[in-house]
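Participant: Dropping the structure in here first, questions after.
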Amino acid sequence: MKRPGPLPEAGTKTMSTEATNDRAVLTIGGKTYELPVKIGTEGEMAIDITSLRSTTGAITLDDGYGNTGSCESAITFIDGDQGILRYRGYPIEQLAEQSTFVESSYLLIFGELPTGPQLAEFRRLLCEHEFIHEDMRHQFEGFPPNAHPMAILSAMINALGAYEPDLLEPEDDSRFIDAAARLMSKIRTVAAASYKKSLGQPMIYPRYDLQYVPNFLHMMFSKPNHPHQPLPEVVSALRQILILHADHEQNCSTSTVRMVGSSQANLYASVASGVCALWGPLHGGANQAVIDMLDQIIASGETPEAFIARVKDRNSKIRLMGFGHRVYKNYDPRAKILKVACDRMLNKLGIHDRMLDVAMKLEEVALKDSYFIDRKLYPNVDFYSGIIMKAIGIPTDMFPVMFAIGRLPGWIAHWREAHLQPSQKIHRPRQLYIGARMRDYQPIDRRR
Ligand code: SDX
(Lines give C-alpha, C1' and ligand atoms only; values in the text may rest on other atoms or scores of the structure.)
Protein backbone atom coordinates (compact mmCIF):
# COMPACT_ATOMS: atom_id res chain seq x y z
CA MET A 1 0.00 0.00 0.00
CA LYS A 2 1.52 3.30 -1.09
CA ARG A 3 2.13 5.46 1.90
CA PRO A 4 -0.48 8.28 1.85
CA GLY A 5 0.59 11.85 1.32
CA PRO A 6 3.73 13.15 2.97
CA LEU A 7 3.79 13.49 6.71
CA PRO A 8 3.27 17.05 7.86
CA GLU A 9 6.64 18.51 6.99
CA ALA A 10 8.79 18.66 10.08
CA GLY A 11 8.79 22.22 11.14
CA THR A 12 5.78 23.25 9.06
CA LYS A 13 3.95 26.04 10.78
CA THR A 14 6.63 25.98 13.43
CA MET A 15 5.61 28.40 16.03
CA SER A 16 8.40 30.66 17.04
CA THR A 17 8.77 32.93 19.98
CA GLU A 18 8.22 36.58 19.37
CA ALA A 19 11.13 38.92 20.02
CA THR A 20 10.04 41.91 22.04
CA ASN A 21 11.53 45.26 22.91
CA ASP A 22 11.35 44.17 26.53
CA ARG A 23 14.67 43.76 28.22
CA ALA A 24 15.59 42.21 31.56
CA VAL A 25 18.09 44.51 33.26
CA LEU A 26 20.67 42.98 35.59
CA THR A 27 23.13 44.84 37.74
CA ILE A 28 26.08 42.75 38.91
CA GLY A 29 29.18 44.17 40.51
CA GLY A 30 28.05 47.70 39.70
CA LYS A 31 27.73 46.90 35.98
CA THR A 32 24.37 46.85 34.20
CA TYR A 33 23.49 44.21 31.64
CA GLU A 34 20.43 43.81 29.44
CA LEU A 35 18.99 40.40 28.49
CA PRO A 36 16.39 39.82 25.77
CA VAL A 37 12.87 38.74 26.73
CA LYS A 38 10.99 36.24 24.55
CA ILE A 39 7.22 35.80 24.47
CA GLY A 40 5.60 32.42 23.79
CA THR A 41 2.45 31.74 21.78
CA GLU A 42 0.23 32.11 24.85
CA GLY A 43 2.00 35.20 26.17
CA GLU A 44 4.39 33.47 28.61
CA MET A 45 7.55 35.46 29.14
CA ALA A 46 11.11 34.06 29.17
CA ILE A 47 14.38 35.86 29.87
CA ASP A 48 16.87 34.55 27.33
CA ILE A 49 20.05 33.90 29.34
CA THR A 50 22.04 32.18 26.60
CA SER A 51 24.57 35.04 26.70
CA LEU A 52 24.54 35.46 30.50
CA ARG A 53 27.77 33.63 31.42
CA SER A 54 29.79 34.97 28.50
CA THR A 55 28.78 38.57 29.25
CA THR A 56 28.57 38.58 33.07
CA GLY A 57 30.58 35.52 34.19
CA ALA A 58 27.58 34.57 36.32
CA ILE A 59 25.21 31.62 35.97
CA THR A 60 21.68 31.22 37.30
CA LEU A 61 20.80 28.76 40.07
CA ASP A 62 17.38 27.04 40.09
CA ASP A 63 17.20 23.84 42.16
CA GLY A 64 14.73 21.52 40.41
CA TYR A 65 14.46 23.86 37.40
CA GLY A 66 11.10 25.21 38.65
CA ASN A 67 11.82 28.57 37.00
CA THR A 68 14.00 27.46 34.11
CA GLY A 69 12.92 26.76 30.54
CA SER A 70 15.12 24.05 28.98
CA CYS A 71 13.84 24.56 25.44
CA GLU A 72 11.23 26.10 23.17
CA SER A 73 8.55 23.55 22.32
CA ALA A 74 5.42 23.52 20.15
CA ILE A 75 4.01 20.23 21.47
CA THR A 76 2.05 20.84 24.69
CA PHE A 77 0.78 23.93 26.47
CA ILE A 78 -0.04 23.95 30.18
CA ASP A 79 -1.42 26.86 32.16
CA GLY A 80 -1.03 25.63 35.73
CA ASP A 81 -2.96 28.49 37.28
CA GLN A 82 -5.97 28.07 34.97
CA GLY A 83 -5.77 24.28 34.83
CA ILE A 84 -5.37 24.28 31.04
CA LEU A 85 -3.73 21.42 29.06
CA ARG A 86 -3.59 21.35 25.23
CA TYR A 87 -1.81 18.99 22.83
CA ARG A 88 -0.70 20.94 19.73
CA GLY A 89 -3.40 23.51 20.58
CA TYR A 90 -6.25 21.04 21.04
CA PRO A 91 -7.88 21.10 24.53
CA ILE A 92 -7.38 17.85 26.43
CA GLU A 93 -11.10 17.74 27.22
CA GLN A 94 -11.96 17.50 23.50
CA LEU A 95 -9.30 14.91 22.75
CA ALA A 96 -10.29 12.76 25.76
CA GLU A 97 -13.92 12.85 24.61
CA GLN A 98 -13.58 12.59 20.82
CA SER A 99 -10.16 11.22 19.88
CA THR A 100 -8.43 7.85 20.07
CA PHE A 101 -5.06 7.22 21.67
CA VAL A 102 -3.49 6.41 18.27
CA GLU A 103 -4.88 9.59 16.69
CA SER A 104 -3.75 11.76 19.63
CA SER A 105 -0.32 10.10 19.48
CA TYR A 106 0.00 10.96 15.79
CA LEU A 107 -1.03 14.55 16.61
CA LEU A 108 1.63 14.86 19.33
CA ILE A 109 4.42 13.33 17.23
CA PHE A 110 3.72 14.94 13.84
CA GLY A 111 1.97 18.14 14.90
CA GLU A 112 -1.35 17.77 13.06
CA LEU A 113 -4.42 15.55 13.41
CA PRO A 114 -3.98 12.80 10.78
CA THR A 115 -6.10 12.63 7.65
CA GLY A 116 -7.98 9.39 7.04
CA PRO A 117 -5.20 7.86 4.90
CA GLN A 118 -2.48 9.01 7.33
CA LEU A 119 -4.30 7.45 10.28
CA ALA A 120 -4.91 4.24 8.34
CA GLU A 121 -1.21 4.03 7.48
CA PHE A 122 -0.16 4.67 11.10
CA ARG A 123 -2.62 2.00 12.27
CA ARG A 124 -1.26 -0.42 9.65
CA LEU A 125 2.29 0.13 10.89
CA LEU A 126 1.20 -0.44 14.51
CA CYS A 127 -0.32 -3.76 13.46
CA GLU A 128 2.70 -4.74 11.36
CA HIS A 129 5.08 -4.14 14.27
CA GLU A 130 3.12 -5.63 17.19
CA PHE A 131 5.28 -8.74 17.60
CA ILE A 132 8.57 -8.81 19.44
CA HIS A 133 11.43 -11.01 18.17
CA GLU A 134 10.89 -14.59 19.36
CA ASP A 135 14.34 -14.58 20.99
CA MET A 136 13.14 -11.76 23.27
CA ARG A 137 10.73 -14.19 24.89
CA HIS A 138 13.73 -15.91 26.47
CA GLN A 139 14.92 -12.63 27.98
CA PHE A 140 11.86 -12.62 30.23
CA GLU A 141 13.13 -15.87 31.72
CA GLY A 142 16.20 -14.00 32.95
CA PHE A 143 14.07 -11.95 35.37
CA PRO A 144 12.95 -13.27 38.77
CA PRO A 145 9.17 -13.92 38.99
CA ASN A 146 8.69 -10.90 41.27
CA ALA A 147 10.73 -8.49 39.12
CA HIS A 148 9.07 -5.04 39.03
CA PRO A 149 7.55 -4.57 35.56
CA MET A 150 9.22 -1.14 35.21
CA ALA A 151 12.64 -2.85 35.52
CA ILE A 152 11.59 -5.29 32.81
CA LEU A 153 10.13 -2.54 30.61
CA SER A 154 13.22 -0.31 30.64
CA ALA A 155 15.52 -3.28 29.96
CA MET A 156 13.34 -4.69 27.17
CA ILE A 157 12.95 -1.32 25.42
CA ASN A 158 16.72 -1.08 25.19
CA ALA A 159 16.78 -4.70 24.04
CA LEU A 160 14.27 -3.83 21.29
CA GLY A 161 16.89 -1.51 19.86
CA ALA A 162 19.30 -4.44 19.63
CA TYR A 163 16.82 -6.31 17.44
CA GLU A 164 16.18 -3.28 15.21
CA PRO A 165 19.71 -1.92 14.66
CA ASP A 166 18.61 -0.02 11.56
CA LEU A 167 16.62 2.23 13.86
CA LEU A 168 19.49 2.91 16.25
CA GLU A 169 20.79 5.85 14.25
CA PRO A 170 18.86 9.12 14.67
CA GLU A 171 16.46 8.32 11.87
CA ASP A 172 16.00 10.61 8.91
CA ASP A 173 12.53 11.96 9.48
CA SER A 174 10.95 10.18 6.52
CA ARG A 175 11.45 6.87 8.35
CA PHE A 176 10.52 8.25 11.75
CA ILE A 177 6.92 7.05 11.54
CA ASP A 178 8.25 3.46 11.36
CA ALA A 179 10.36 3.93 14.48
CA ALA A 180 7.48 5.59 16.33
CA ALA A 181 5.03 2.86 15.33
CA ARG A 182 7.44 0.05 16.26
CA LEU A 183 8.06 1.43 19.72
CA MET A 184 4.41 2.30 20.41
CA SER A 185 3.25 -1.10 19.23
CA LYS A 186 5.84 -3.25 20.94
CA ILE A 187 5.68 -1.49 24.32
CA ARG A 188 2.21 -3.03 24.73
CA THR A 189 3.47 -6.51 23.85
CA VAL A 190 6.39 -6.22 26.29
CA ALA A 191 4.18 -4.82 29.07
CA ALA A 192 1.56 -7.56 28.70
CA ALA A 193 4.24 -10.25 28.49
CA SER A 194 5.80 -9.03 31.75
CA TYR A 195 2.36 -9.33 33.40
CA LYS A 196 1.86 -12.86 32.05
CA LYS A 197 5.32 -13.81 33.30
CA SER A 198 4.45 -12.58 36.81
CA LEU A 199 1.40 -14.89 36.73
CA GLY A 200 3.37 -17.84 35.37
CA GLN A 201 1.06 -17.82 32.35
CA PRO A 202 2.13 -18.12 28.69
CA MET A 203 2.61 -14.89 26.75
CA ILE A 204 -0.41 -14.10 24.53
CA TYR A 205 0.32 -13.05 20.96
CA PRO A 206 -1.20 -9.77 19.66
CA ARG A 207 -4.07 -9.94 17.15
CA TYR A 208 -3.82 -8.11 13.84
CA ASP A 209 -7.57 -7.43 13.77
CA LEU A 210 -7.70 -5.60 17.11
CA GLN A 211 -7.10 -1.86 17.60
CA TYR A 212 -4.54 -0.51 20.03
CA VAL A 213 -6.36 -0.65 23.39
CA PRO A 214 -8.45 -3.83 22.86
CA ASN A 215 -5.31 -5.59 21.61
CA PHE A 216 -3.43 -4.66 24.78
CA LEU A 217 -6.31 -5.90 26.96
CA HIS A 218 -6.39 -9.11 24.90
CA MET A 219 -2.66 -9.70 25.52
CA MET A 220 -3.11 -8.91 29.22
CA PHE A 221 -6.18 -10.96 30.05
CA SER A 222 -6.70 -13.66 27.41
CA LYS A 223 -5.51 -17.20 28.04
CA PRO A 224 -4.70 -19.78 25.38
CA ASN A 225 -7.91 -21.61 26.26
CA HIS A 226 -10.03 -18.57 27.01
CA PRO A 227 -9.97 -15.39 24.89
CA HIS A 228 -10.76 -12.17 26.79
CA GLN A 229 -13.52 -9.89 25.47
CA PRO A 230 -13.11 -6.43 27.07
CA LEU A 231 -16.26 -4.41 27.78
CA PRO A 232 -16.63 -1.22 25.71
CA GLU A 233 -16.68 0.82 28.95
CA VAL A 234 -13.33 -0.63 29.96
CA VAL A 235 -11.82 0.07 26.53
CA SER A 236 -13.12 3.64 26.66
CA ALA A 237 -11.81 4.28 30.18
CA LEU A 238 -8.35 2.92 29.28
CA ARG A 239 -8.39 4.94 26.04
CA GLN A 240 -8.94 8.08 28.10
CA ILE A 241 -6.23 7.16 30.62
CA LEU A 242 -3.68 6.73 27.82
CA ILE A 243 -4.70 9.97 26.05
CA LEU A 244 -4.55 11.93 29.32
CA HIS A 245 -1.05 10.61 30.06
CA ALA A 246 0.28 11.11 26.52
CA ASP A 247 2.26 14.28 27.16
CA HIS A 248 2.85 16.93 29.78
CA GLU A 249 5.58 19.21 28.40
CA GLN A 250 8.89 19.20 30.32
CA ASN A 251 8.02 16.83 33.19
CA CYS A 252 10.81 14.84 34.81
CA SER A 253 10.71 11.82 32.47
CA THR A 254 10.25 13.84 29.27
CA SER A 255 13.13 16.15 30.21
CA THR A 256 15.18 13.00 30.80
CA VAL A 257 14.35 11.70 27.32
CA ARG A 258 15.33 15.05 25.81
CA MET A 259 18.57 15.18 27.82
CA VAL A 260 19.63 11.63 26.88
CA GLY A 261 18.61 12.25 23.26
CA SER A 262 20.72 15.43 23.21
CA SER A 263 23.85 13.25 23.30
CA GLN A 264 22.61 11.68 20.02
CA ALA A 265 21.65 8.52 21.90
CA ASN A 266 19.09 6.58 19.85
CA LEU A 267 15.34 6.75 20.45
CA TYR A 268 15.20 3.38 22.27
CA ALA A 269 17.95 4.30 24.76
CA SER A 270 16.38 7.72 25.34
CA VAL A 271 12.92 6.24 25.97
CA ALA A 272 14.35 3.55 28.26
CA SER A 273 15.84 6.37 30.38
CA GLY A 274 12.42 8.04 30.47
CA VAL A 275 10.93 4.80 31.85
CA CYS A 276 13.47 4.87 34.68
CA ALA A 277 12.72 8.50 35.54
CA LEU A 278 8.98 7.82 35.47
CA TRP A 279 9.37 4.96 37.99
CA GLY A 280 9.85 7.33 40.95
CA PRO A 281 6.93 7.61 43.44
CA LEU A 282 6.90 11.40 43.08
CA HIS A 283 6.30 11.03 39.33
CA GLY A 284 4.87 8.03 37.51
CA GLY A 285 4.91 5.85 40.60
CA ALA A 286 2.35 8.08 42.32
CA ASN A 287 -0.67 6.21 40.95
CA GLN A 288 0.58 3.05 42.66
CA ALA A 289 1.28 5.07 45.83
CA VAL A 290 -2.31 6.43 45.80
CA ILE A 291 -3.77 2.92 45.82
CA ASP A 292 -1.37 1.82 48.59
CA MET A 293 -2.44 4.90 50.58
CA LEU A 294 -6.18 4.20 50.09
CA ASP A 295 -5.61 0.52 50.93
CA GLN A 296 -3.90 1.45 54.21
CA ILE A 297 -6.64 3.91 55.19
CA ILE A 298 -9.34 1.30 54.56
CA ALA A 299 -7.41 -1.52 56.26
CA SER A 300 -6.67 0.60 59.35
CA GLY A 301 -10.22 1.93 59.63
CA GLU A 302 -8.76 5.44 59.90
CA THR A 303 -11.21 8.15 58.85
CA PRO A 304 -10.24 10.42 55.93
CA GLU A 305 -10.37 13.34 58.35
CA ALA A 306 -7.88 11.64 60.69
CA PHE A 307 -5.57 10.80 57.80
CA ILE A 308 -5.66 14.38 56.51
CA ALA A 309 -4.78 15.57 60.03
CA ARG A 310 -1.68 13.33 59.94
CA VAL A 311 -0.73 14.64 56.49
CA LYS A 312 -0.84 18.20 57.85
CA ASP A 313 1.52 17.27 60.68
CA ARG A 314 4.98 18.03 59.19
CA ASN A 315 6.59 15.50 61.53
CA SER A 316 4.54 12.69 60.00
CA LYS A 317 6.33 13.09 56.63
CA ILE A 318 3.11 11.70 55.10
CA ARG A 319 1.91 13.14 51.79
CA LEU A 320 -1.57 12.94 50.31
CA MET A 321 -0.46 11.00 47.25
CA GLY A 322 -2.16 12.05 44.04
CA PHE A 323 -2.39 15.61 45.34
CA GLY A 324 -0.19 18.58 44.46
CA HIS A 325 1.75 19.37 41.34
CA ARG A 326 4.84 21.31 40.40
CA VAL A 327 2.91 23.17 37.67
CA TYR A 328 -0.83 22.89 38.41
CA LYS A 329 -1.78 25.25 41.21
CA ASN A 330 -5.38 24.51 40.33
CA TYR A 331 -7.33 21.31 39.71
CA ASP A 332 -5.39 19.12 37.21
CA PRO A 333 -7.78 19.00 34.22
CA ARG A 334 -6.87 15.34 33.72
CA ALA A 335 -8.03 14.50 37.25
CA LYS A 336 -11.40 16.14 36.55
CA ILE A 337 -11.91 13.95 33.47
CA LEU A 338 -10.71 10.78 35.23
CA LYS A 339 -12.96 11.39 38.24
CA VAL A 340 -16.01 11.38 35.92
CA ALA A 341 -14.68 8.40 33.93
CA CYS A 342 -14.03 6.47 37.15
CA ASP A 343 -17.52 7.05 38.50
CA ARG A 344 -19.10 6.22 35.11
CA MET A 345 -17.11 3.01 34.58
CA LEU A 346 -17.67 1.66 38.11
CA ASN A 347 -21.41 2.33 37.76
CA LYS A 348 -21.50 0.61 34.33
CA LEU A 349 -19.60 -2.38 35.74
CA GLY A 350 -21.79 -2.43 38.83
CA ILE A 351 -18.69 -2.15 41.03
CA HIS A 352 -18.94 -0.35 44.35
CA ASP A 353 -15.31 0.33 45.26
CA ARG A 354 -14.71 1.63 48.79
CA MET A 355 -11.55 3.22 47.44
CA LEU A 356 -13.54 5.65 45.32
CA ASP A 357 -15.65 6.62 48.33
CA VAL A 358 -12.51 7.21 50.41
CA ALA A 359 -10.75 9.10 47.59
CA MET A 360 -13.74 11.40 47.07
CA LYS A 361 -14.02 12.01 50.83
CA LEU A 362 -10.27 12.78 51.05
CA GLU A 363 -10.69 15.25 48.18
CA GLU A 364 -13.74 16.86 49.81
CA VAL A 365 -11.96 17.29 53.16
CA ALA A 366 -8.65 18.48 51.65
CA LEU A 367 -10.22 21.04 49.31
CA LYS A 368 -11.88 22.72 52.30
CA ASP A 369 -8.71 22.72 54.39
CA SER A 370 -6.45 25.78 54.55
CA TYR A 371 -3.31 23.59 54.54
CA PHE A 372 -4.15 22.46 51.00
CA ILE A 373 -5.82 25.70 49.91
CA ASP A 374 -2.87 27.85 50.99
CA ARG A 375 -0.40 25.54 49.23
CA LYS A 376 -2.64 25.24 46.14
CA LEU A 377 -2.70 21.46 46.42
CA TYR A 378 -5.35 19.82 44.23
CA PRO A 379 -5.91 16.31 42.88
CA ASN A 380 -3.54 15.47 40.03
CA VAL A 381 -3.77 12.91 37.25
CA ASP A 382 -2.79 10.08 39.60
CA PHE A 383 -5.53 10.56 42.17
CA TYR A 384 -8.26 8.67 40.28
CA SER A 385 -6.38 6.80 37.55
CA GLY A 386 -5.36 3.96 39.87
CA ILE A 387 -8.94 3.25 40.92
CA ILE A 388 -9.95 2.83 37.27
CA MET A 389 -6.97 0.59 36.49
CA LYS A 390 -7.60 -1.53 39.59
CA ALA A 391 -11.24 -1.99 38.52
CA ILE A 392 -10.03 -3.07 35.06
CA GLY A 393 -7.93 -5.74 36.78
CA ILE A 394 -4.50 -4.21 36.18
CA PRO A 395 -2.21 -4.98 39.17
CA THR A 396 -0.83 -1.95 41.04
CA ASP A 397 2.80 -2.65 40.14
CA MET A 398 1.74 -2.31 36.48
CA PHE A 399 0.31 1.20 37.04
CA PRO A 400 3.58 3.02 36.24
CA VAL A 401 3.85 0.77 33.16
CA MET A 402 0.43 2.01 32.02
CA PHE A 403 1.68 5.56 32.58
CA ALA A 404 4.73 4.74 30.40
CA ILE A 405 2.55 3.30 27.60
CA GLY A 406 0.47 6.49 27.70
CA ARG A 407 3.50 8.81 27.91
CA LEU A 408 5.45 7.12 25.11
CA PRO A 409 4.04 9.27 22.26
CA GLY A 410 4.96 12.37 24.23
CA TRP A 411 8.51 11.12 24.73
CA ILE A 412 8.75 10.27 21.02
CA ALA A 413 7.37 13.70 20.05
CA HIS A 414 9.86 15.56 22.23
CA TRP A 415 12.79 13.41 21.08
CA ARG A 416 11.86 14.17 17.45
CA GLU A 417 11.27 17.89 18.10
CA ALA A 418 14.71 18.19 19.73
CA HIS A 419 16.39 16.24 16.91
CA LEU A 420 14.80 18.45 14.29
CA GLN A 421 16.13 21.60 15.98
CA PRO A 422 18.98 22.82 13.74
CA SER A 423 20.66 24.20 16.84
CA GLN A 424 20.34 21.04 18.97
CA LYS A 425 23.12 20.99 21.57
CA ILE A 426 24.08 18.38 24.14
CA HIS A 427 22.49 19.29 27.48
CA ARG A 428 25.15 20.33 29.95
CA PRO A 429 23.86 22.39 32.92
CA ARG A 430 26.35 24.29 35.09
CA GLN A 431 26.61 24.23 38.90
CA LEU A 432 27.58 26.41 41.83
CA TYR A 433 30.59 24.70 43.47
CA ILE A 434 30.41 24.77 47.29
CA GLY A 435 33.05 22.14 48.06
CA ALA A 436 36.59 22.29 49.52
CA ARG A 437 39.14 24.79 48.27
CA MET A 438 42.41 23.53 46.67
CA ARG A 439 44.37 21.24 49.04
CA ASP A 440 47.38 18.92 48.69
CA TYR A 441 47.28 15.12 48.77
CA GLN A 442 48.12 13.65 52.22
CA PRO A 443 49.92 10.31 52.54
CA ILE A 444 47.84 7.86 54.56
CA ASP A 445 50.13 7.97 57.61
CA ARG A 446 49.56 11.73 57.89
CA ARG A 447 45.77 11.56 57.81
CA ARG A 448 43.82 11.67 61.05
C1 SDX B 1 3.05 13.56 38.01
O2 SDX B 1 5.67 17.33 36.16
C3 SDX B 1 4.62 16.75 35.67
O4 SDX B 1 3.98 17.20 34.78
C5 SDX B 1 4.30 15.41 36.31
C6 SDX B 1 3.02 14.73 35.81
C7 SDX B 1 3.11 14.34 34.37
O8 SDX B 1 2.06 14.19 33.74
O9 SDX B 1 4.24 14.03 33.92
O10 SDX B 1 1.91 15.59 35.99
C11 SDX B 1 2.75 13.44 36.58
O12 SDX B 1 4.16 13.29 38.40
C13 SDX B 1 1.97 14.08 38.94
C14 SDX B 1 2.48 14.25 40.40
C15 SDX B 1 2.42 12.86 41.04
N16 SDX B 1 3.04 12.88 42.36
C17 SDX B 1 2.29 12.83 43.49
O18 SDX B 1 1.05 12.84 43.50
C19 SDX B 1 3.12 12.73 44.77
C20 SDX B 1 2.52 13.66 45.83
N21 SDX B 1 2.76 15.05 45.39
C22 SDX B 1 3.95 15.67 45.79
O23 SDX B 1 4.97 14.98 46.36
C24 SDX B 1 4.20 17.06 45.28
O25 SDX B 1 3.01 17.73 45.22
C26 SDX B 1 4.90 17.14 43.94
C27 SDX B 1 6.21 16.42 43.96
C28 SDX B 1 4.04 16.58 42.88
C29 SDX B 1 5.14 18.62 43.63
O30 SDX B 1 5.88 19.10 44.64
P31 SDX B 1 6.38 20.63 44.62
O32 SDX B 1 5.59 21.47 43.69
O33 SDX B 1 7.84 20.60 44.46
O34 SDX B 1 5.92 21.10 45.99
P35 SDX B 1 6.83 20.98 47.24
O36 SDX B 1 7.32 19.58 47.37
O37 SDX B 1 7.82 22.10 47.20
O38 SDX B 1 5.74 21.25 48.38
C39 SDX B 1 5.25 22.57 48.66
C40 SDX B 1 4.49 22.43 49.97
C41 SDX B 1 5.32 21.72 51.04
O42 SDX B 1 4.83 22.12 52.30
P43 SDX B 1 5.63 23.33 53.10
O44 SDX B 1 7.08 22.96 53.08
O45 SDX B 1 5.31 24.59 52.31
O46 SDX B 1 5.00 23.33 54.48
O47 SDX B 1 3.33 21.60 49.76
C48 SDX B 1 3.44 20.43 50.54
C49 SDX B 1 4.92 20.28 50.86
O50 SDX B 1 5.10 19.52 52.05
N51 SDX B 1 2.98 19.34 49.69
C52 SDX B 1 2.20 18.36 50.12
C53 SDX B 1 1.94 17.57 49.00
N54 SDX B 1 2.57 18.08 47.92
C55 SDX B 1 3.21 19.19 48.35
N56 SDX B 1 1.71 18.08 51.36
C57 SDX B 1 0.94 16.97 51.45
N58 SDX B 1 0.64 16.16 50.40
C59 SDX B 1 1.13 16.43 49.18
N60 SDX B 1 0.84 15.62 48.14
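The values are calculated or read from the model by the stated rules, or taken from the named source; none is laboratory data. All values derive from a computational prediction rather than experimental measurement. Methodologically, a virtual Cβ is constructed for each residue, glycine included, from the backbone with ideal geometry; neighbour enumeration extends over all protein chains shown. Each accessible area value is taken on the protein alone, full model and side chains, heavy atoms only, with ligands, DNA and RNA left out. Shrake-Rupley method; radii C 1.70, N 1.55, O 1.52, S 1.80 Å.
Participant: So how do 432-444, 365-377, 182-194, 207-219 stack up, highest first, on mean other-Cβ count within 10 Å?
Facilitator: The peptides rank, most packed first, as 182-194, 207-219, 365-377, 432-444.
Participant: Here is a follow-up. Within the chain, what whole-number % of the accessible surface is contributed by carbon and sulfur, with the 1.4 Å probe and all protein chains included in the calculation?
Facilitator: It is 53 percent, rounded to a whole number.
Participant: Which three semi-axes in whole Å describe the equivalent ellipsoid of the range 141-255, each the square root of 5 times a Cα gyration tensor eigenvalue, listed largest first?
Facilitator: Taking √(5λ) for each eigenvalue gives 25, 19, 16 Å, largest first.
Participant: In the Gaussian network model of the chain, springs joining C-alpha atoms below 10 Å, which of LEU346, LEU126, LEU238 carries the largest mean-square fluctuation?
Facilitator: Sorting by GNM fluctuation, first place goes to LEU346.
Participant: Moving on to the next point. Averaged per residue, what accessible surface does the chain expose to a 1.4 Å probe, in Å²?
Facilitator: Accessible surface, normalised per residue, equals 50 Å².
Participant: Continuing with this model, one more query. Just in the range 98-171: which chymotrypsin sites (Phe, Trp or Tyr not before Pro) are loop by DSSP and have at most 15 other Cβ atoms within 10 Å?
Facilitator: Hits after loop and neighbour filter: PHE131.
Participant: Here's a follow-up. Can you bin the chain into rounded, prolate or oblate? Criterion: square roots of the alpha carbon gyration tensor eigenvalues sorted a ≥ b ≥ c, rounded for a/c under 1.5, prolate for a/b above b/c, oblate for the rest.
Facilitator: rounded
Participant: Say the cut-off is 22 Å between C-alpha atoms; which of LYS329/LYS361; LYS329/LYS425; LYS348/LYS368; LYS31/LYS425 go over it?
Facilitator: LYS329/LYS425; LYS348/LYS368; LYS31/LYS425
Participant: Defining a contact as two alpha carbons under 8 Å apart and six or more residues distant in sequence, what relative contact order in percent does the chain show?
Facilitator: Relative contact order here is 19 percent.
Participant: Something else now. Taking a quarter of the surface of the Cα convex hull of the range 295-446, what do you get in nm²?
Facilitator: The orientation-averaged projected area of the Cα hull of the range 295-446 comes to 17.1 nm².
Participant: Here's another thing I want to ask about it. Using only helices, what value at 222 nm comes out for the chain when you add -39,500 (n - 2.57) per DSSP H run of length 4 or more and divide by the total residues, to the nearest 500 deg cm²/dmol?
Facilitator: Here the helix-only value at 222 nm equals -15500 deg cm²/dmol.
Participant: Taking the mean number of other Cβ atoms within 10 Å as a proxy for protection, how do you rank 307-319, 79-91 from highest to lowest?
Facilitator: Answer by packing, highest mean first, reads 79-91, 307-319.
Participant: Just to confirm my numbers, what's the Cα centroid distance between the range 371-448 and the range 184-217 in Å?
Facilitator: 27
Participant: Further question on the same structure: Please give, to one decimal in nm, the separation of the simple spin-label points placed at ARG430 and GLU34, each 7 Å out from Cα toward the Cβ.
Facilitator: Each label point lies 7 Å from its Cα, and together they span 2.2 nm.
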